[in-house]
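Structure record follows, encoded as structure tokens.
The values are calculated or read from the model by the stated rules, or taken from the named source; none is laboratory data. As the structure is a computational prediction, the values presented were derived from the model and not from experiment. No Cβ is skipped: glycine too gets one built from the backbone with ideal geometry, and neighbour counts run over all protein chains shown. Quick note on the areas: whole protein, heavy atoms, side chains included, nothing else; ligands and nucleic acids left out. Shrake-Rupley method; radii C 1.70, N 1.55, O 1.52, S 1.80 Å.
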There are 2 protein chains.
Amino acid sequence: MANRFDTKTRILDAAERLFAERGFSETSLRLITSKAEVNLASVNYHFGSKKELIRAVLARYLDVFMPAASQAINTQRKLEQQATLEQIFSSLVGPLLKLNQLCPDGTRTFLQLLGRGYIESQGHLRWFITSHYGEHLQTFVRAVTESVPEIPAADIFWRLHFTLGTVVFTMASADALMEIAAADFAEQNDIAAVIRKVIPYISAGVAVSGK
Amino acid sequence: MANRFDTKTRILDAAERLFAERGFSETSLRLITSKAEVNLASVNYHFGSKKELIRAVLARYLDVFMPAASQAINTQRKLEQQATLEQIFSSLVGPLLKLNQLCPDGTRTFLQLLGRGYIESQGHLRWFITSHYGEHLQTFVRAVTESVPEIPAADIFWRLHFTLGTVVFTMASADALMEIAAADFAEQNDIAAVIRKVIPYISAGVAVSGK
DNA sequence: GTCTATAGGTAGATAGAC
DNA sequence: GTCTATCTACCTATAGAC
């Protein structure tokens, strides 16, 4: 088990799990390296700093998800003359769930990391994401705009940010929420179930008429 | 009314601003006491520990907001036989905006603190909030449940947490969002305007039929 | 109540042997 | 590339003078 993967990968695997569970600032390099069973100094040798390790963890997912997501949206576009909002949001579910092949629990890990990334770290990660994956993000915004042409661009801007907040906060607290739902409502949910619950919510919110 | 130059109040004022901006774990007692221009040791003298300071910061807002919110909901209830979701959410706007009298930017600060409290600190603050203000929360949940009786309780649970995420994230990024809206769409918004935009969004999401 | 001084711990990062 | 050992910085918390 010890040398099953190279050190760099072992660090990434341990770090993403701990970052997703506990957040970035609550996860020390000592904790990461002890879980990964590698030496403390190897993080700085392979990644330079903790900040760059965080970016590397996110990039490993974004590099897979972002192209897959914009491709799924473009495929959707060719099938339907006018895709509904639910169809657009739903077309992201495939690329999201495919992340489970990258890593066990990959979907949940990725979304939690994304949430932490937007909330923690004074916007550094926000900038990293929009600057490195801006083209894919635009594909998405354009598809949404076309699907609800009656909504003014300014309202779409606001509502997509409301949506980002919904998803990001939900994913950051997903573990706690699933636990409460299990205790209070005897519901056994996984991350796919939570995604299925949130899609009607955000679709209705973005499409609602009137101020 | 507490003395503005009282050490305890100075600590609370500095702490809430920094906690809201940077998060709890990213804010050291040294930073708080230097901004408050008080001695480092005074935090432990007045509050015992950092953890209790965090609770005190939140409590100062919750003690004002929670009773005002549940009273507003009960007043609403007497006026309307069956309040709509938009009416229920709108009845919270008054109590929320009144927090600006407590402190400049009180509304935004409170909502940011609430978001941090739910995401950081491994559920300690979540427990604190639900155990100390559970009765007021129940008033709210009950009003929502009655206004959409066709929605199962478990779905209401999920959708109210989606809503919490929407509001909290939006408030956390409110400055950046209002700036972008001004530049890109020539819109001049304040916090009250953002709240008016978010109410239709969350109302539609909570009320949407179907899974 | 407020201060100085410091204890006692943990963080990220690095030098240098191997 | 990997290790040990260590540096520097910062953290929360407290003891004790005033």
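Give me the residues in region A:168-190 whose solvent-accessible area, probe 1.4 Å, is reduced by at least 50 Å² once all protein chains are included instead of the chain isolated.
A:PHE169, A:LEU177, A:PHE185
Total accessible area buried between chains A and B, 1.4 Å probe, in Å² to the nearest 100?
Buried: approximately 3800 Å² between B and A.
Sum -39500 (n - 2.57) across every DSSP H segment of at least 4 residues in chain B, then divide by the residue count to get the 222 nm mean residue ellipticity, nearest 500.
After summing the helix terms and dividing by residue count, I get -25500 deg cm²/dmol.
Pick from A:PHE128, A:PHE110, A:PHE24 the residue whose mean-square fluctuation is largest in a GNM of chain A, springs joining Cα atoms under 10 Å.
Looking only at A:PHE128, A:PHE110, A:PHE24, the largest GNM fluctuation is found for A:PHE128.
Shortest first and in nm with one decimal, please list how far the A:ALA186 label point sits from its counterparts in the other copies (point 7 Å along Cα→Cβ).
Label-point distances to the other copies, shortest first: 6.0 nm.
Quick one: helix A:93-102 against the long Cα principal axis of chain A, what's the angle to the nearest 10°, folded into 0 to 90?
10
Other chains near B:155-164: what is the mean number of their Cβ atoms within 10 Å of each residue's Cβ?
Working: counts 4, 0, 6, 12, 6, 0, 10, 13, 6, 5.
Across B:155-164, the average partner-chain Cβ count within 10 Å equals 6.
Taking only Cα atoms and a 10 Å spring cutoff, compute GNM fluctuations for chain A and point out the largest among A:GLU21, A:GLU150, A:GLU86.
A:GLU150
Nearest 10 degrees, 0 to 90: what angle lies between the long axis of helix B:153-172 and the longest principal axis of chain B (Cα atoms)?
Tilt of helix B:153-172: around 50 degrees.
Give me the angle, in degrees from 0 to 90, between the Cα long axis of helix B:174-185 and the longest principal axis of the Cα atoms of chain B, rounded to the nearest 10.
So the helix axis and the longest Cα principal axis differ by about 60 degrees.
For A:SER34, go 7 angstrom from Cα along the Cα-to-Cβ vector, then report the distances to that same point in the other copies in nm, smallest first.
Inter-copy label distances (nm, one decimal, shortest first): 3.0.
In region A:60-207, how does Rg compare with the Kirkwood Rh, expressed as the Rg/Rh ratio over alpha carbon atoms?
Rg/Rh: 0.96.
What percentage of the solvent-accessible surface of chain B, computed with a 1.4 Å probe over protein heavy atoms, is contributed by carbon and sulfur atoms?
Ligands and nucleic acids excluded, carbon and sulfur reach 53 percent.
In a GNM of chain A with a 10 Å cut-off on Cα contacts, which of A:TYR61, A:TYR118, A:TYR133 has the highest mean-square fluctuation?
Result for chain A, Cα springs under 10 Å: A:TYR133 fluctuates most.
B:PRO104 label points, 7 Å along Cα→Cβ, one per copy: pairwise distances from this copy to the rest in nm, shortest first?
Relative to the other copies, B:PRO104 has label-point distances of 5.3 nm.
Which value, in Å², gives the accessible area per residue of chain B when a 1.4 Å probe is used on the protein heavy atoms?
Computed with neighbouring chains in place, this is 48 Å² per residue.
For region B:101-117 and region A:15-94, what is the separation of their C-alpha centers, rounded to whole Å?
Answer, in whole Å: 30.
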